[in-house]
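Below is the structure I would like to discuss, written out as structure tokens.
The values are calculated or read from the model by the stated rules, or taken from the named source; none is laboratory data. As the structure is a computational prediction, the values presented were derived from the model and not from experiment. Cβ: placed from backbone, ideal geometry, glycine included. Neighbour counts: every protein chain shown. We work out accessible area using only protein heavy atoms, side chains counted, and drop any ligands, DNA or RNA first. Shrake-Rupley method; radii C 1.70, N 1.55, O 1.52, S 1.80 Å.
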Amino acid sequence: MSTVTKPAPPGPAYPVERSTGRPRTPFSSRISPTRFGLLLVAPVAVLLVAIVIYPVAYSLYLSLSHTNPFTGVRRFAGVDNFQQVLSDPDFWHSTWLTVYYVVCVTVLASAVALGTALLLRERFVGRPVLMALIVLPWSLSTYAAGVVWRYIFSPQYGLLAAIAQQLGLPPLDLLSKNTAIPALALVHAWQFAPLGAYFLLASLQVIPDDLYKLAKVDGMGILRRFRTITRPYIRLPFAIYVVLVGGQAAMAFDLIYFLTSGGPGGASQTLTYAIYQETFQDLSFGPGAAMSWILLIVVTVLTAGYYVAAMKPGSGQDKAAEA
Amino acid sequence: MRRKVLIHILALIALIWTVVPIVWIVLISLMYHHEFASADIHLFPHQPTLANYVRLLGGAAPDWNGTAQGPNAYGPLIREGLLNSAQVAVWVTVLSMIVAVPAAYALSRVQMRFRQAGLLTIVATRSIPPVATTIPFFALYQGLGLSGTKTGLVIAHMTITVPLLVWIGTSFFGGLPPGLERMARVDGCSRWRAFARVVVPASRHSMTAMAVIAFITSWDEFTFALIFNTGTPAQTFPPALSSMFFQVSVPTDVASATVLGLIPPLLVAGLFQRYIRKVNLVGL
């Protein structure tokens, strides 16, 4: 209380820019909005050109050249690498496996996702708990999911093998030649279904309950109700999810690496795994890069095609209004 | 009534399907190898122990029958991997945020031309699969001496995180009240100050979510880490785990290493859960 208040220094109590005579507009306000925006975007643009566009262009160059793996010397090869890849039966085998894998993953993941979403719309004991736990697989790193499922599938120490043994069944090896791809797809679906479930649930919760009540009064069975009420609402989100999962499945690497390493005997050698082997184990960059370009083009075309088909006018919510 | 029972059964199946694989690996990590290798496999350990973790972290712990056991030989590999992963993830987060936040802001809120085109181009780079970039990166890194370095891995990870953050960021900034900058400008802020002093503080929660996502994305990335850094001093956790997984055959040790690697991202996600909730999941 007894402190003596010092006299305030002369001048305004807040700092001001030293006046130079004329009012100065800050630089960011002097330029046009477009310039300001471009200045903010510039770092990302420069960065992406340097670390994405340039490498991708470089990979095109690699796919068109012969590289000596020991000396690193390159010479132009034209389309030799593409020809070599396309005439290799192993490539077609891998392509077929990739298609098979993508189909398995897409079917399993969308079925699980839709089932979970429909289930979570219902009321039951412990629903909040399930709601919270269901993201767990999705929040796992993909490589960790691979290791986790190794402990389920392994014929030596896996949980399934143990259960089979205790039930007195013959030894169970789901990672064997004929079942490797579906088993991998199951793990992939396990990991990515939660994402779809959440996404679909958000769309399901928009549907008014009255629609279902009215339909029941009209004597519609459960399948009819799903077809006429539910389906129009989830058609678009479902399509987006399918494309997302399918595209991801075509690029899957971590899971395959940890669970089967492309085996047994090449039974799960999908394109991504073949590219990895060709490039980083056999160090043949040309064919590896050519294969990665083929994969990139096919995936892009299929994804774009599917989007166009799925987003045709007439699909989606407007139909729901008619129902 | 029958419907109620059916729904509960289905919920139970969903629960088992979701958690049993994860619970199983955690339980294995708490078993002695002796118990795990015994003929009757059971879900819950009779003699639960943290010995696997202790030995992995460099300590000594007795075996099930009391015999002394030294630290795990793979301990240093895993510990270094965890440290390197953390360093790489932090750098990726910081650098990605510095470039992505202003860009996301500009592309969502500044009245500029080329907005749609810019956003589309950046998002399109997200659809390039890692395999298409690993090959040229590998070839380029050998010439630049970046192969097997943390710097190299940080750059590689930014090819994924930067477009991702720009994409998520535009939806965050787009959700702010429309007149925010105009009010700041009326109060005498320049364009830059309106962004730096008004918009950024107003969206700190969303930006926390962006940072968390960048961290987790870097931590979880496998392909680049495996191809560039396996067996080098800059080896991060995923390739370290992979070497351990393919070389030793002690499942209990591998299980505890795997669980150790899951802790950091789950911890970060758990701490900031309420911020991440708002992210449009499909953007990921």
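Restricting to segment B:131-166, give me the number of residues that are open to solvent by 40 Å² or more (accessible area, probe 1.4 Å) and facing chain A (nearest Cβ under 7 Å).
Number satisfying all stated conditions: 1.
Just to be sure, is A:P182 modelled with pLDDT under 85 and more than 9 Å from chain B (Cβ to nearest Cβ)? Outline the logic, then answer.
On the way: modelled with pLDDT under 85: no; more than 9 Å from chain B (Cβ to nearest Cβ): yes.
So A:P182 fails the test.
Return yes when B:S127 is within 24 Å of A:I31 (Cβ to Cβ) and open to solvent by 20 Å² or more (accessible area, probe 1.4 Å) and no when it is not.
no
Taking the conditions exactly as written (open to solvent by 30 Å² or more (accessible area, probe 1.4 Å) and in contact with a helix residue (DSSP H, G or I) (Cβ under 9 Å, 6 or more places away or on another chain)), does B:A202 satisfy them or not?
yes
Here's something else I'd like to know. Using beta carbons and a limit of 6 Å, which pairs, at least six apart or on different chains, have the first residue in segment A:70-87 and among the aromatic types (F, W, Y) and the second one open to solvent by less than 80 Å² (accessible area, probe 1.4 Å)?
A:F76/A:S65; A:F82/A:A290
Every residue in segment B:108-124 that is farther than 30 Å from B:I227 by Cβ and open to solvent by 40 Å² or more (accessible area, probe 1.4 Å), please.
Selection gives B:Q111, B:R113, B:F114, B:R115, B:Q116, B:A117.
Here's something else I'd like to know. Looking only at residues that are open to solvent by less than 10 Å² (accessible area, probe 1.4 Å) and touching a residue at least 40 places away in the same chain (Cβ under 8 Å) in segment A:253-262, which one is nearest to B:A240 (Cα to Cα)?
It comes out as A:F258.
Which members of segment A:240-249 meet the condition of being of a type in the set (A, V, I, L, M) and open to solvent by less than 10 Å² (accessible area, probe 1.4 Å)?
A:V245, A:A249
Here's something else I'd like to know. Out of curiosity, is A:Y233 within 13 Å of another protein chain (Cβ to nearest Cβ), open to solvent by 20 Å² or more (accessible area, probe 1.4 Å), touching a residue at least 40 places away in the same chain (Cβ under 8 Å) and on the phi < 0 side of the Ramachandran plot? Don't jump to the end; show me each part of the working.
On the way: within 13 Å of another protein chain (Cβ to nearest Cβ): no; open to solvent by 20 Å² or more (accessible area, probe 1.4 Å): yes; touching a residue at least 40 places away in the same chain (Cβ under 8 Å): yes; on the phi < 0 side of the Ramachandran plot: yes.
Considered against the rule, which asks whether it is within 13 Å of another protein chain (Cβ to nearest Cβ), open to solvent by 20 Å² or more (accessible area, probe 1.4 Å), touching a residue at least 40 places away in the same chain (Cβ under 8 Å) and on the phi < 0 side of the Ramachandran plot, A:Y233 comes out as no.
For the structure I just gave you, tell me whether A:L60 is within 33 Å of the chain's Cα centre (by Cα) and either open to solvent by 50 Å² or more (accessible area, probe 1.4 Å) or modelled with pLDDT under 80 (or both).
So A:L60 fits the description; yes.
So, one more: Scan B:A156, B:A117 and give me the residue that is free of Cβ contacts under 8 Å to residues at least 40 places away in the same chain, part of a helix (DSSP H, G or I) and of a type in the set (A, V, I, L, M).
Details: B:A156 fails: free of Cβ contacts under 8 Å to residues at least 40 places away in the same chain.
So the residue among B:A156, B:A117 that is free of Cβ contacts under 8 Å to residues at least 40 places away in the same chain, part of a helix (DSSP H, G or I) and of a type in the set (A, V, I, L, M) is B:A117.
Ok, one more. Can you confirm whether segment A:78-94 contains a residue that is in contact with a His (Cβ under 9 Å, 6 or more places away or on another chain) and in a strand (DSSP E or B)? Give the steps one after another, and end with the answer.
Step one: filter segment A:78-94 for residues in contact with a His (Cβ under 9 Å, 6 or more places away or on another chain), giving A:80-81.
So of that shortlist, the ones also in a strand (DSSP E or B) come out as none.
Looking through segment A:78-94, none of the residues is in contact with a His (Cβ under 9 Å, 6 or more places away or on another chain) and in a strand (DSSP E or B).
A further question on this structure: Which ones in segment B:236-278 are outside any helix (DSSP H, G or I), more than 10 Å from every other protein chain (Cβ to nearest Cβ) and either more than 18 Å from B:F224 (Cα to Cα) or free of Cβ contacts under 8 Å to residues at least 60 places away in the same chain (or both)?
B:V248, B:V250, B:F272, B:R277, B:K278
Kindly provide the set of residues from segment A:65-77 that are assigned to a loop (DSSP other than H, G, I, E, B) and either surrounded by 15 or more Cβ atoms within 10 Å (Cβ to Cβ) or modelled with pLDDT of 85 or more (or both), ordered by number. Step through it out loud before you land on a result.
So the first thing to find is which residues in segment A:65-77 are assigned to a loop (DSSP other than H, G, I, E, B), and the list is A:68-73, A:77.
Of everything in segment A:65-77, just one residue is assigned to a loop (DSSP other than H, G, I, E, B) and either surrounded by 15 or more Cβ atoms within 10 Å (Cβ to Cβ) or modelled with pLDDT of 85 or more (or both), namely A:A77.
Continuing with the same structure: Output the residues belonging to segment B:87-114 that are within 7 Å of chain A (Cβ to nearest Cβ) and more than 19 Å from the chain's Cα centre (by Cα).
B:V99, B:P102, B:A103, B:Y105, B:A106, B:L107, B:V110, B:Q111, B:M112, B:R113 - these are the residues of segment B:87-114 that are within 7 Å of chain A (Cβ to nearest Cβ) and more than 19 Å from the chain's Cα centre (by Cα).
Something else about it: Every residue in segment A:31-53 that is in contact with a Pro (Cβ under 8 Å, 6 or more places away or on another chain) and either open to solvent by 30 Å² or more (accessible area, probe 1.4 Å) or of a type in the set (S, T, Y) (or both), please.
A:P43
A follow-up question, please. Given the structure, is B:P178 at pLDDT below 90 and either outside any helix (DSSP H, G or I) or at the interface with another protein chain (Cβ under 8 Å from one of its Cβ atoms) (or both)?
yes
Scanning segment B:217-233 for residues that are at pLDDT 90 or above and in a loop (DSSP other than H, G, I, E, B), which turns out least open to solvent (accessible area, probe 1.4 Å)?
Within segment B:217-233, the match that is least open to solvent (accessible area, probe 1.4 Å) is B:F222.
Looking at segment A:58-117 only, could you name the residues that are of a type in the set (S, T, Y), more than 14 Å from chain B (Cβ to nearest Cβ) and over 29 Å from A:S203 (Cα atoms)?
Listed by number, the residues that qualify are A:S87, A:T95, A:Y100.
Tell me whether segment B:26-39 contains one or more residues that are within 14 Å of chain A (Cβ to nearest Cβ), outside any loop (DSSP other than H, G, I, E, B), open to solvent by less than 70 Å² (accessible area, probe 1.4 Å) and under 30 Å from A:F124 (Cα atoms).
yes
Quick one: B:N72 ticks every box in (1) buried (at least 20 other Cβ atoms within 10 Å of the Cβ); (2) away from chain A (no Cβ under 12 Å); (3) part of a helix (DSSP H, G or I) except a single one, so which number is it?
Status for B:N72: all satisfied but (3).
Of all residues in segment A:118-164, how many are facing another protein chain (nearest Cβ under 7 Å), of a type outside the set (S, T, N, Q) and part of a helix (DSSP H, G or I)?
14
I would also like to ask the following. In segment B:210-224, how many are in contact (Cβ under 8 Å) with a residue 24 or more places away in the chain and closer than 17 Å to B:V131 by Cα?
6
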